[in-house]
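Single-structure report; data block below.
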Amino acid sequence: MNRKMHKSCFVAILLSAIAIVAFGSTFFYWNRQNRTEEEFTIVTSFYPMYIAAENLTEGREGLVLKSLSEPQTGCLHDYQLTAADMKLLSTADVFVVNGGGIEEFLTDVAAQYPDLVIVDASQGLELLEDNGHAWMSVALHRQQLNNIARGLAEADPEYADLYRENYGIYDEKLKDLEQEQQEFAGDLAGEQIILFHEAYAYVARDYGMEVVYVMDLDEERQVSAGEVADVLRAIAEDDVKIVLAEEQYGKEMGDMVTRESDAKVYYLDTLVRGDYDKDSYLERMEANISIMRGLAK
Ligand SMILES: [Zn+2]
(Lines give C-alpha, C1' and ligand atoms only; values in the text may rest on other atoms or scores of the structure.)
Protein backbone atom coordinates (compact mmCIF):
# COMPACT_ATOMS: atom_id res chain seq x y z
CA MET A 1 0.00 0.00 0.00
CA ASN A 2 1.50 3.34 -1.03
CA ARG A 3 1.26 6.53 1.01
CA LYS A 4 -1.51 8.00 -1.15
CA MET A 5 -3.76 4.94 -0.82
CA HIS A 6 -3.18 4.93 2.90
CA LYS A 7 -4.29 8.55 3.18
CA SER A 8 -7.54 8.14 1.21
CA CYS A 9 -8.35 5.03 3.20
CA PHE A 10 -7.97 7.00 6.43
CA VAL A 11 -10.26 9.77 5.10
CA ALA A 12 -12.90 7.20 4.16
CA ILE A 13 -12.81 5.64 7.62
CA LEU A 14 -13.03 9.07 9.23
CA LEU A 15 -16.01 10.06 7.06
CA SER A 16 -17.91 6.89 7.83
CA ALA A 17 -17.18 7.33 11.55
CA ILE A 18 -18.66 10.83 11.36
CA ALA A 19 -21.62 9.45 9.44
CA ILE A 20 -22.26 6.76 12.05
CA VAL A 21 -22.10 9.25 14.93
CA ALA A 22 -24.33 11.71 13.06
CA PHE A 23 -26.85 9.02 12.13
CA GLY A 24 -26.74 7.56 15.61
CA SER A 25 -27.46 10.81 17.37
CA THR A 26 -30.18 11.70 14.89
CA PHE A 27 -31.77 8.33 15.49
CA PHE A 28 -31.51 8.80 19.27
CA TYR A 29 -33.04 12.27 19.02
CA TRP A 30 -35.85 11.01 16.78
CA ASN A 31 -36.48 8.18 19.17
CA ARG A 32 -36.69 10.48 22.18
CA GLN A 33 -38.98 12.88 20.32
CA ASN A 34 -41.12 9.96 19.42
CA ARG A 35 -41.24 8.76 23.02
CA THR A 36 -42.41 12.05 24.51
CA GLU A 37 -45.03 12.41 21.82
CA GLU A 38 -46.17 8.86 22.20
CA GLU A 39 -49.92 8.50 22.20
CA PHE A 40 -51.68 7.54 25.40
CA THR A 41 -55.38 6.86 25.10
CA ILE A 42 -57.79 7.37 27.96
CA VAL A 43 -61.43 6.49 27.47
CA THR A 44 -63.91 7.68 30.10
CA SER A 45 -67.34 6.13 30.55
CA PHE A 46 -69.48 9.26 30.75
CA TYR A 47 -69.61 13.00 31.29
CA PRO A 48 -68.45 13.57 34.91
CA MET A 49 -65.53 11.18 34.40
CA TYR A 50 -64.54 12.98 31.20
CA ILE A 51 -64.45 16.37 32.95
CA ALA A 52 -62.41 14.85 35.79
CA ALA A 53 -59.92 13.29 33.36
CA GLU A 54 -59.74 16.50 31.34
CA ASN A 55 -58.53 18.38 34.42
CA LEU A 56 -56.10 15.69 35.53
CA THR A 57 -54.41 15.20 32.15
CA GLU A 58 -53.84 18.82 31.17
CA GLY A 59 -50.36 19.11 29.61
CA ARG A 60 -49.97 15.40 28.85
CA GLU A 61 -48.39 15.39 25.39
CA GLY A 62 -49.78 12.93 22.90
CA LEU A 63 -52.91 12.35 24.95
CA VAL A 64 -56.02 11.01 23.28
CA LEU A 65 -58.98 11.54 25.61
CA LYS A 66 -62.33 10.15 24.55
CA SER A 67 -65.70 9.53 26.08
CA LEU A 68 -67.52 6.27 25.49
CA SER A 69 -70.96 7.89 25.64
CA GLU A 70 -72.04 11.17 24.12
CA PRO A 71 -71.91 14.27 26.37
CA GLN A 72 -75.71 14.40 26.31
CA THR A 73 -76.27 10.72 27.13
CA GLY A 74 -76.53 11.31 30.88
CA CYS A 75 -76.33 8.47 33.38
CA LEU A 76 -75.43 5.09 31.98
CA HIS A 77 -78.13 3.02 33.71
CA ASP A 78 -79.26 0.40 31.17
CA TYR A 79 -76.63 1.59 28.66
CA GLN A 80 -75.91 -1.03 26.00
CA LEU A 81 -72.41 -1.16 24.56
CA THR A 82 -72.27 -0.81 20.80
CA ALA A 83 -69.76 -2.37 18.40
CA ALA A 84 -68.21 1.12 18.04
CA ASP A 85 -67.80 1.33 21.85
CA MET A 86 -65.99 -2.00 21.92
CA LYS A 87 -63.75 -0.86 19.05
CA LEU A 88 -62.96 2.36 20.93
CA LEU A 89 -62.13 0.39 24.08
CA SER A 90 -59.75 -1.80 22.09
CA THR A 91 -57.62 1.32 21.47
CA ALA A 92 -57.62 2.42 25.14
CA ASP A 93 -54.67 2.29 27.50
CA VAL A 94 -56.94 3.17 30.41
CA PHE A 95 -60.71 3.10 30.91
CA VAL A 96 -61.89 5.50 33.63
CA VAL A 97 -65.26 4.62 35.14
CA ASN A 98 -67.38 6.02 37.96
CA GLY A 99 -68.04 2.57 39.40
CA GLY A 100 -70.58 1.96 42.15
CA GLY A 101 -72.82 0.12 39.67
CA ILE A 102 -73.30 3.06 37.27
CA GLU A 103 -71.60 1.16 34.42
CA GLU A 104 -73.49 -2.11 34.47
CA PHE A 105 -71.67 -3.26 31.34
CA LEU A 106 -68.33 -3.28 33.13
CA THR A 107 -68.12 -7.04 33.66
CA ASP A 108 -68.56 -7.56 29.89
CA VAL A 109 -65.73 -5.11 29.16
CA ALA A 110 -63.42 -6.73 31.69
CA ALA A 111 -64.16 -10.16 30.21
CA GLN A 112 -63.59 -8.99 26.64
CA TYR A 113 -60.41 -7.01 27.39
CA PRO A 114 -58.69 -8.68 30.34
CA ASP A 115 -55.56 -6.54 29.84
CA LEU A 116 -57.36 -3.18 29.80
CA VAL A 117 -56.53 -1.04 32.85
CA ILE A 118 -59.85 -0.03 34.43
CA VAL A 119 -59.66 2.84 36.92
CA ASP A 120 -62.65 2.71 39.28
CA ALA A 121 -63.15 6.22 40.64
CA SER A 122 -65.41 5.04 43.46
CA GLN A 123 -63.08 2.43 44.87
CA GLY A 124 -63.04 2.65 48.67
CA LEU A 125 -65.74 5.34 48.81
CA GLU A 126 -68.58 5.28 51.31
CA LEU A 127 -71.47 4.98 48.87
CA LEU A 128 -75.18 4.92 49.59
CA GLU A 129 -76.82 1.55 49.01
CA ASP A 130 -77.63 0.83 45.34
CA ASN A 131 -76.74 4.41 44.46
CA GLY A 132 -73.56 5.22 42.56
CA HIS A 133 -74.13 8.95 41.97
CA ALA A 134 -71.08 9.80 44.09
CA TRP A 135 -70.02 12.83 42.00
CA MET A 136 -73.05 14.69 43.44
CA SER A 137 -71.13 14.97 46.71
CA VAL A 138 -68.14 17.30 46.41
CA ALA A 139 -66.41 15.45 49.25
CA LEU A 140 -66.79 12.13 47.47
CA HIS A 141 -65.85 13.62 44.10
CA ARG A 142 -62.57 14.80 45.62
CA GLN A 143 -61.88 11.19 46.56
CA GLN A 144 -62.83 10.12 43.04
CA LEU A 145 -60.29 12.56 41.59
CA ASN A 146 -57.67 11.16 43.92
CA ASN A 147 -58.44 7.61 42.77
CA ILE A 148 -58.31 8.60 39.11
CA ALA A 149 -55.03 10.54 39.53
CA ARG A 150 -53.45 7.55 41.26
CA GLY A 151 -54.71 5.18 38.59
CA LEU A 152 -53.35 7.34 35.77
CA ALA A 153 -49.99 7.78 37.50
CA GLU A 154 -49.67 4.02 37.81
CA ALA A 155 -50.69 3.35 34.21
CA ASP A 156 -48.59 6.18 32.74
CA PRO A 157 -45.66 6.53 35.17
CA GLU A 158 -43.66 8.86 32.94
CA TYR A 159 -46.30 11.52 33.64
CA ALA A 160 -47.01 10.60 37.26
CA ASP A 161 -45.77 13.98 38.53
CA LEU A 162 -48.00 15.83 36.08
CA TYR A 163 -51.10 13.92 37.20
CA ARG A 164 -50.24 14.56 40.86
CA GLU A 165 -49.69 18.26 40.19
CA ASN A 166 -52.93 18.64 38.22
CA TYR A 167 -54.78 16.81 40.96
CA GLY A 168 -53.42 19.24 43.55
CA ILE A 169 -54.56 22.27 41.53
CA TYR A 170 -58.04 20.89 40.84
CA ASP A 171 -58.52 19.57 44.35
CA GLU A 172 -57.90 23.05 45.79
CA LYS A 173 -60.88 24.30 43.80
CA LEU A 174 -63.07 21.37 44.87
CA LYS A 175 -62.00 21.96 48.47
CA ASP A 176 -63.22 25.56 48.20
CA LEU A 177 -66.62 24.30 47.05
CA GLU A 178 -66.79 21.86 49.93
CA GLN A 179 -65.94 24.60 52.44
CA GLU A 180 -68.62 26.79 50.93
CA GLN A 181 -71.16 24.03 51.56
CA GLN A 182 -70.04 23.58 55.12
CA GLU A 183 -70.62 27.26 55.89
CA PHE A 184 -74.39 26.79 55.87
CA ALA A 185 -74.90 23.00 56.01
CA GLY A 186 -75.81 23.27 59.69
CA ASP A 187 -78.83 25.42 58.84
CA LEU A 188 -80.28 22.66 56.67
CA ALA A 189 -79.48 19.72 58.96
CA GLY A 190 -82.54 17.72 59.97
CA GLU A 191 -84.78 19.38 57.35
CA GLN A 192 -87.26 16.86 55.91
CA ILE A 193 -87.21 16.73 52.12
CA ILE A 194 -88.48 14.82 49.11
CA LEU A 195 -86.33 13.91 46.12
CA PHE A 196 -87.36 13.47 42.51
CA HIS A 197 -84.01 11.99 41.57
CA GLU A 198 -81.98 9.42 43.48
CA ALA A 199 -78.72 11.28 42.70
CA TYR A 200 -79.82 13.98 45.18
CA ALA A 201 -79.62 11.51 48.06
CA TYR A 202 -75.91 12.49 48.13
CA VAL A 203 -76.82 16.17 48.34
CA ALA A 204 -79.21 15.41 51.20
CA ARG A 205 -76.55 13.43 53.04
CA ASP A 206 -73.94 16.18 52.62
CA TYR A 207 -76.27 18.70 54.26
CA GLY A 208 -77.61 16.30 56.89
CA MET A 209 -81.16 16.52 55.52
CA GLU A 210 -83.70 13.80 56.14
CA VAL A 211 -85.19 12.22 53.03
CA VAL A 212 -88.82 11.15 53.60
CA TYR A 213 -89.69 10.08 50.04
CA VAL A 214 -87.82 9.42 46.79
CA MET A 215 -89.39 9.24 43.35
CA ASP A 216 -86.65 8.44 40.87
CA LEU A 217 -87.37 10.40 37.71
CA ASP A 218 -84.17 9.94 35.72
CA GLU A 219 -85.84 9.11 32.42
CA GLU A 220 -89.07 9.74 30.56
CA ARG A 221 -91.71 7.60 32.25
CA GLN A 222 -95.33 7.48 33.30
CA VAL A 223 -96.00 8.39 36.92
CA SER A 224 -98.96 6.50 38.34
CA ALA A 225 -101.84 8.16 40.18
CA GLY A 226 -100.80 6.13 43.23
CA GLU A 227 -97.32 7.67 43.17
CA VAL A 228 -98.76 11.16 42.91
CA ALA A 229 -100.99 10.45 45.92
CA ASP A 230 -97.98 9.06 47.84
CA VAL A 231 -95.94 12.22 47.21
CA LEU A 232 -98.75 14.52 48.33
CA ARG A 233 -99.41 12.39 51.41
CA ALA A 234 -95.69 12.45 52.35
CA ILE A 235 -95.62 16.25 51.99
CA ALA A 236 -98.68 16.63 54.21
CA GLU A 237 -97.70 14.06 56.85
CA ASP A 238 -94.13 15.28 57.33
CA ASP A 239 -94.86 18.93 56.64
CA VAL A 240 -92.27 18.91 53.84
CA LYS A 241 -91.25 22.33 52.56
CA ILE A 242 -88.52 21.34 50.11
CA VAL A 243 -88.52 19.09 47.04
CA LEU A 244 -85.35 18.66 44.98
CA ALA A 245 -85.98 17.82 41.33
CA GLU A 246 -84.25 17.71 37.96
CA GLU A 247 -85.46 20.01 35.20
CA GLN A 248 -85.40 17.51 32.34
CA TYR A 249 -87.52 14.69 33.81
CA GLY A 250 -88.90 16.14 37.02
CA LYS A 251 -90.59 19.32 35.78
CA GLU A 252 -94.06 17.84 35.34
CA MET A 253 -94.14 16.38 38.86
CA GLY A 254 -92.56 19.58 40.16
CA ASP A 255 -95.38 21.64 38.67
CA MET A 256 -97.92 19.27 40.20
CA VAL A 257 -96.37 19.67 43.67
CA THR A 258 -96.29 23.47 43.32
CA ARG A 259 -99.97 23.44 42.34
CA GLU A 260 -101.23 20.95 44.90
CA SER A 261 -99.16 21.68 48.03
CA ASP A 262 -97.27 24.28 50.03
CA ALA A 263 -93.89 22.64 49.31
CA LYS A 264 -91.43 24.44 47.09
CA VAL A 265 -89.58 22.70 44.26
CA TYR A 266 -85.93 23.45 43.55
CA TYR A 267 -84.15 22.26 40.44
CA LEU A 268 -80.60 21.03 40.81
CA ASP A 269 -78.19 19.94 38.08
CA THR A 270 -77.25 16.24 38.03
CA LEU A 271 -73.99 17.22 36.27
CA VAL A 272 -74.22 14.37 33.78
CA ARG A 273 -74.73 16.37 30.59
CA GLY A 274 -73.02 19.36 29.03
CA ASP A 275 -70.22 20.51 26.80
CA TYR A 276 -66.62 19.50 27.34
CA ASP A 277 -65.61 22.71 29.13
CA LYS A 278 -63.20 21.60 31.85
CA ASP A 279 -64.67 23.99 34.41
CA SER A 280 -68.16 22.59 33.89
CA TYR A 281 -68.26 20.62 37.15
CA LEU A 282 -66.96 23.53 39.22
CA GLU A 283 -69.37 26.05 37.72
CA ARG A 284 -72.47 23.91 37.86
CA MET A 285 -71.79 22.53 41.32
CA GLU A 286 -71.33 26.14 42.41
CA ALA A 287 -74.79 26.89 40.99
CA ASN A 288 -76.24 23.92 42.93
CA ILE A 289 -74.60 25.18 46.12
CA SER A 290 -76.09 28.65 45.56
CA ILE A 291 -79.56 27.13 45.36
CA MET A 292 -78.97 25.17 48.57
CA ARG A 293 -77.64 28.32 50.26
CA GLY A 294 -80.93 30.02 49.31
CA LEU A 295 -82.82 27.24 51.12
CA ALA A 296 -80.79 27.76 54.27
CA LYS A 297 -82.04 31.31 54.70
ZN1 LIG B 1 -78.26 8.16 37.45
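Can you list which of the chymotrypsin sites (Phe, Trp or Tyr not before Pro) found in the range 252-297 are DSSP loop residues with at most 12 other C-beta atoms within 10 Å?
Y276
Using label points projected 7 Å from each Cα along Cα→Cβ, tell me how many nm separate Y276 and S290, to one decimal.
2.7 nm
Going from most exposed to least, what order do K66, K278 have by accessible area with a 1.4 Å probe?
Result, largest first: K66, K278.
Rounded to the nearest 500 deg cm²/dmol, what is the calculated helix-only ellipticity per residue at 222 nm for the chain, with -39500 (n - 2.57) per DSSP H run of length n ≥ 4?
Calculated mean residue ellipticity at 222 nm is -17500 deg cm²/dmol.
Looking at the range 198-264, which GluC sites (Glu not before Pro) are in a loop (DSSP not H, G, I, E or B) and have at most 10 other Cβ atoms within 10 Å?
E220
Counting only C-alpha contacts under 8 Å and six or more residues apart, can you give the relative contact order of the chain as a whole percent?
16 percent.
Which of K175/K241; K175/K278; K173/K297; K87/K175 have a Cα-Cα distance over 28 Å?
K175/K241; K87/K175
If you take the square roots of the eigenvalues of the alpha-carbon gyration tensor of the range 115-202 and sort them as a ≥ b ≥ c, do you get rounded (a/c under 1.5), prolate (a/b over b/c) or oblate?
Since a/c reaches 1.5 but b/c is at least a/b, the shape of the range 115-202 is classed as oblate.
Classify the range 202-297: rounded, prolate or oblate, from the alpha-carbon gyration tensor (a ≥ b ≥ c, eigenvalue square roots; a/c under 1.5 rounded; otherwise prolate if a/b is larger than b/c)?
oblate
If r is the Cβ-Cβ distance from M256 to E70 and R0 is 51 Å, what FRET efficiency results, to the nearest 0.05?
With R0 = 51 Å, the Cβ-Cβ based efficiency is 0.95.
Counting other Cβ atoms within 10 Å, which GluC sites (Glu not before Pro) in the range 98-179 have at most 11 and lie in a DSSP loop?
For GluC sites (Glu not before Pro) across the range 98-179 that sit outside H, G, I, E and B with at most 11 neighbouring Cβ atoms in 10 Å, the list reads E126, E129.
The values are calculated or read from the model by the stated rules, or taken from the named source; none is laboratory data. The model shown is predicted, which means the values in this text are computed figures rather than measured ones. Counting neighbours? That spans all protein chains shown, and the Cβs are built from the backbone with ideal geometry, glycine included. In case anyone asks, the SASA skips ligands and DNA or RNA and just uses the protein heavy atoms, side chains included. Shrake-Rupley method; radii C 1.70, N 1.55, O 1.52, S 1.80 Å.
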